[in-house]
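The values are calculated or read from the model by the stated rules, or taken from the named source; none is laboratory data. Not measured: the values here are computed from a predicted model. Here the Cβ positions follow ideal geometry from the backbone for every residue, glycine too, while neighbour counts run over all protein chains shown.
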Amino acid sequence: MVSIQDQDELQRLRATDVTWVDMKDPSSGALQPTAPSVWETAALENQYRLSVALGELVNFEAIDPSAVPGEISFVKIGLSAVEKLDDWESRWITWCYTFSQKFHPVIVAYADHGYCGAPHPEVLLEHANSAPFGAFLIDTFDKSRGSVFQHYPRYQIKTWLDMARSKGLVTVLGGSLRQENLNDALACQPDVIAVRGAATRGGRDSEICVDKITALLERLSKHLEPASQEES
């Protein structure tokens, strides 16, 4: 999965074999939404599996689910700073039920939860069956503090992903992943690996690069080849 921020980047993806596109504004935070026009354009193309970021729960401005194109599969909202809210669980569950009529809400667990005031991943997994969530994402809030593997070791990340899978959730691993983190990410066996910075020319705020995306896909394909040959 590659995250894009605008229609120009969406157009660049046409030259790649990416099948899952995430939409968010990396210049404004971890999960800040893009302009709705980006959602609409991606939905009209109807060639990708789509997910959108809707912001952080603590300052969430209610979005009518009908404003999000039905072609989008997954919606996500961050939980930074919710520790100062007495009712964050009920707000979060309400958000999930509101959007689950049309979409698959995502549980977003920040690996740097201690820094950003978000709940511990295991606390969130305890709520996995309390509402119709569809996926579990391990991410980072502050992209300047390194990848998920600088906050937790690989075995712990894999344990959480396995726990989520046992609850019937699609598992997604992101969080400032770079080329050098890819082997660790693959070893965690998520259903989906999510990148932004690793797919750009510079930092995550710069534009995506077709050559870098192609190289990432080739590397993933080589990793999957042995398994495919064994199955055959």
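Just checking, how many residues over the stretch 81-106 are surrounded by 19 or more Cβ atoms within 10 Å (Cβ to Cβ) and in contact with a Gly (Cβ under 9 Å, 6 or more places away or on another chain)? Walk me through how you get there before you give the answer.
Applying the first criterion (surrounded by 19 or more Cβ atoms within 10 Å (Cβ to Cβ)) to the stretch 81-106 yields 82, 92, 95-96, 99, 103-106.
When the remaining residues are screened for being in contact with a Gly (Cβ under 9 Å, 6 or more places away or on another chain), the result is 82, 103-106.
Result for the stretch 81-106: 5.
Mind checking which residues of the stretch 115-133 are in a helix (DSSP H, G or I) and among the aromatic types (Phe, Trp, Tyr)?
Answer for the stretch 115-133, where residues must be in a helix (DSSP H, G or I) and among the aromatic types (Phe, Trp, Tyr): just 115.
From (1) surrounded by 18 or more Cβ atoms within 10 Å (Cβ to Cβ); (2) of a type in the set (Phe, Trp, Tyr); (3) without any contact (Cβ under 8 Å) to a residue 40 or more places away in the chain; (4) more than 22 Å from residue 65 (Cβ to Cβ), pick out the condition that doesn't hold for residue 115.
In the conditions (1) surrounded by 18 or more Cβ atoms within 10 Å (Cβ to Cβ); (2) of a type in the set (Phe, Trp, Tyr); (3) without any contact (Cβ under 8 Å) to a residue 40 or more places away in the chain; (4) more than 22 Å from residue 65 (Cβ to Cβ), residue 115 misses (1) alone.
Where the second residue is among the hydroxyl-bearing types (Ser, Thr, Tyr) and surrounded by 15 or more Cβ atoms within 10 Å (Cβ to Cβ) and the first is under 17 Å from residue 128 (Cα atoms) and lies in the stretch 154-166, which pairs have Cβ atoms under 9 Å and are six or more apart or on separate chains?
Filtered contacts from the stretch 154-166: 160/152; 160/171; 161/171; 162/171; 164/171; 165/171.
Any idea which of 161, 137 is at pLDDT 90 or above, surrounded by 18 or more Cβ atoms within 10 Å (Cβ to Cβ) and in a helix (DSSP H, G or I)?
The match here is 161.
Between a residue in the stretch 77-101 that is over 18 Å from residue 125 (Cβ atoms) and free of Cβ contacts under 8 Å to residues at least 12 places away in the same chain and any residue that is outside any helix (DSSP H, G or I) and of a type outside the set (Phe, Trp, Tyr), which pairs come within a Cβ distance under 9 Å, given they are 6 or more apart or on different chains?
From residues that are over 18 Å from residue 125 (Cβ atoms) and free of Cβ contacts under 8 Å to residues at least 12 places away in the same chain, the pairs are 94/131.
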